[in-house]
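Heads up: the structure comes next, in structure tokens.
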Amino acid sequence: MSYTKRNDGRKFDETREIKAEVGVIKNADGSAKFQIGKTIAIAAVYGPRNLYPKFLQNPEKGMLRCNYNMLSFSVDERIRPGPSRRSKEISLVTERALSPAVDLSTFTNAVVDVFVEIIQADAGTRCAGICAASMALADAGIPMRDLVAAVSVGKVGDKLVVDLNKLEEDYEGGATDVPIAVLPRNGEISLLQMDGEMEVKEIKEALEIGKKACEKIAEIQRKALKEKYKGD
Amino acid sequence: MELISKNYLISLLDKGIRLDGRKLEEYRKIEVSYDISEHAEGSARVKIGDTEVIAGVKLETGEPYPDSPDEGNIIVSGEFLGLANEDFESGPPSVESIELSRVVDRGIRESKAIDLKKLCIKEKEKVWMVLIDIYVINDAGNLQDASALAALAALSKTKIPAYDEETKKADYKERKEKLPLVKMPVECSLGKIGKHIIVDPLLEEEKLLDARLTVASIGKVVCALQKGGNGTLSIEEIEKMLKIGIDKNSENLKVVKK
């Protein structure tokens, strides 16, 4: 089935409109909001702080602990508040996506907590969450090798596309979703998942266009950080 | 957060000022914004100073309770998100968040703010359930009043989804009638420190309160009360608190209506 034109008029390698803002939660050590299309994520960082229970403490380096959650009313069918199997898995892959970028070697026995909340969902929530979390970590002054940018790529019908929206994810001709996270400076990939069917050649091509999109996202993230710290 | 001695706080209150320069019976600036999440049937964000709370309303179909076969239900839940305060932990709801949502619930329920009979789809079988979820985004004190106001603001914008006769469920693609919100209950939390009564306590003040009283009211009618804290209140103190609470609630209602 041929997917000739995207349902919202975008080019196939174009993301939805992105808005990024740093410093949205006053209590937090670092925080950020990341909106891509109609998907809105906010993230807050607390730490480094003491890690309890104590047996989890690592005397060699600090721990990064992520918590991803969707607000109950962020989707049409209300989600029961509290953790689910899905949110636990996404918390885990978010940790893995961010870990290569942060240097916690000096924070022995401590934890850096990252909280991601999805306020409004229209596909790509884990990627939006990772983008917000990465900015929040930088805002908190956690040593980082790079900002992490994330986007979903995939195949809708017969076309490779960037940043699928919900309608595209549910495309009746079949859609494959590949969320990725990239460290733009060296181009390494720290999140990779896939739901659906694709050939090796297509996956490689999808990763290439996803990487390009992430470079653009990283620019927006950097700009938002500079906006907060530009001084008077 | 800075640790402040109770004696210092009382010495300030003796002069008629608060830690942040406010008067004793003065609220911080209240801001309300609406429609913050489009999949909710109604949603709102309330800021009282640096305190930020968001509330969303979802409607689902369900069975009525046997003792009210022709009425819809209200369910309020509150969550203190880990991102709102360094002291909040992920996990099962804390007793504070349970109290917060139950006091919001009582304000709405006991004032009969929603005409529940209009939420009946088919008697004894199908009614609308109004699910109000409150999330704390930043805690700088007085979550109770911010939550009650956010719930009210979200309800005031709530539209009922279409009912699909075939699937016997809500069709979220279409929202039609406004929720029958017939009254507007507002809540005011007052604190007692020494002999002083304050409204809208800061986080720093909350830790030092002898006692707290939350007053939910509509016009001059009180529709719910909750005393908090370990200290006691005299009848005179309660009377004073009720009067201040009712006045403040009428003032704060204007912010939602605007």
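Quick check on this structure: which one of B:108, B:160, B:193, B:121 is under 23 Å from residue B:249 (Cβ atoms), touching a residue at least 12 places away in the same chain (Cβ under 8 Å) and more than 14 Å from the chain's Cα centre (by Cα)? Talk me through it step by step, then tell me what you get.
On the way: B:108 fails: more than 14 Å from the chain's Cα centre (by Cα); B:160 fails: under 23 Å from residue B:249 (Cβ atoms); B:121 fails: under 23 Å from residue B:249 (Cβ atoms).
Answer to the selection: B:193.
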> Exactly one of (1) at pLDDT below 95; (2) crowded, with 24+ Cβ neighbours inside 10 Å; (3) of a type in the set (A, V, I, L, M, F, W, C) is unmet by residue A:114. Its number?
Replying inline: (1)
> Within segment A:55-67, can one find any residue that is assigned to a strand (DSSP E or B), modelled with pLDDT of 95 or more and within 9 Å of chain B (Cβ to nearest Cβ)?
Replying inline: yes
> What is the number of the single condition among (1) more than 14 Å from chain A (Cβ to nearest Cβ); (2) assigned to a strand (DSSP E or B); (3) under 13 Å from the mean Cα position of the chain (by Cα) that residue B:127 does not meet?
Replying inline: (3)
> How about segment A:105-191: which strands (runs of 3 or more DSSP E) wholly inside it have at least 3 residues that are farther than 29 Å from residue A:3 by Cα, out of contact with any helix residue (DSSP H, G or I) (no Cβ under 7 Å at 6 or more places or on another chain) and within 13 Å of chain B (Cβ to nearest Cβ)?
Replying inline: A:110-120
> Quick one: would you say residue A:72 is at pLDDT 95 or above and either on the phi < 0 side of the Ramachandran plot or polar (S, T, N, Q) (or both)?
Replying inline: yes
> Of the conditions (1) surrounded by 18 or more Cβ atoms within 10 Å (Cβ to Cβ); (2) assigned to a loop (DSSP other than H, G, I, E, B); (3) within 11 Å of chain B (Cβ to nearest Cβ), residue A:44 fails just one. Which one is it?
Replying inline: (2)
>> For segment B:16-107, give me every one of the strands (runs of 3 or more DSSP E) that falls completely inside it and has 3 or more residues that are more than 16 Å from residue A:81 (Cα to Cα).
In response: B:30-34, B:42-48, B:51-62
> Of the residues B:5, B:43, which single one is without any contact (Cβ under 8 Å) to a residue 40 or more places away in the chain and either touching a Cys at 6+ places or on another chain (Cβ under 7 Å) or not β-branched (Val, Ile, Thr) (or both)?
Replying inline: B:5
> Does residue A:30 qualify as being within 14 Å of chain B (Cβ to nearest Cβ), closer than 18 Å to residue A:146 by Cα and in contact with an Asp or Glu (Cβ under 6 Å, 6 or more places away or on another chain)?
Replying inline: yes
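Looking only at residues in segment B:170-212 that are in a loop (DSSP other than H, G, I, E, B) and of a type in the set (D, E, K, R), which one is farthest from the other protein chains (Cβ to nearest Cβ)?
B:195
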> Which of the residues belonging to segment A:51-72 are free of Cβ contacts under 8 Å to residues at least 40 places away in the same chain and surrounded by 15 or more Cβ atoms within 10 Å (Cβ to Cβ)?
Replying inline: A:72
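The values are calculated or read from the model by the stated rules, or taken from the named source; none is laboratory data. Note that the structure is predicted; figures quoted are calculated from it, not measured. When we count neighbours, we look across all protein chains shown, and the Cβ atoms used for this are built from the backbone with ideal geometry, even at glycine.
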